[in-house]
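Heads up: the structure comes next, in structure tokens.
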Amino acid sequence: MPTEMQELQKQWHSMVQSIHSNSNVVAFMNSRFGQYLDDHPFVALSLLMFVAVSAIPVAFFLIFVVATAIMACIGVLIMEGVVISIGGIALLCVLCGLGVLSLGVSGVLSVCYVILSTLVNYWYAQKGQIRKQEANGTLLQRSPSVLDLTASNGKIE
């Protein structure tokens, strides 16, 4: 057993030597803070215990932060997708309604155009026929129309 203890002590001593020979550790121990901790071992032990004990809660907190951020990103993407889908459907409905409205307005305007052009053509055709008859001298007597009130005002029998 003493040889195993000596072997373990040699391994421990070589590990400590490798730590003390590390350039970062040498630079830290030469700093003011390293010198203070070297002079006050209780403070060094307390600081070491605090760092060791606080590592687990800090790790859990960081895992929580990362998980929350990932869930928030996924939630935003899903929410954005839902909002864009609803907006797209609303846009499609509005555009379909505008299409139907434009077809209706075009139909009404086309019917108005046909009716007005027919009336104008009929009116000019009647005037043209009257002018032809006046030019030929064969103007026929028209029967008084219902709307011609000036001709029928004096002839009430």
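Looking at SER14, VAL25, SER102, which one has the Cα that reaches farthest to the positive end of the dipole of the chain (charges on Cβ: Lys, Arg +1; Asp, Glu -1)? Of the listed residues, the answer is SER102.
With respect to the chain, whose longest principal axis is taken over its alpha-carbon atoms, helix 2-20 is tilted by about 50°. From the alpha carbon centroid of the range 1-70 to that of the range 90-130 is 90 Å.
Mean silhouette area of the chain, derived from the convex hull of its C-alpha atoms and averaged over all directions, reads 31.3 nm². May I ask for the longest run of the chain untouched by trypsin sites (Lys or Arg not before Pro) that are loop-located per DSSP and have at most 16 neighbouring C-beta atoms (other than their own) within 10 Å? The answer is 1-141.
Rg and Dmax, both from the Cα atoms of the range 1-52 and both in Å, are 14.2, 42.
We did not get these values from a lab; they are worked out from the coordinates using the rules stated. For clarity, every value in this text was computed on a predicted model and none was experimentally measured. All Cβ positions, glycine included, derive from the backbone under ideal geometry; neighbour counts span all protein chains shown.
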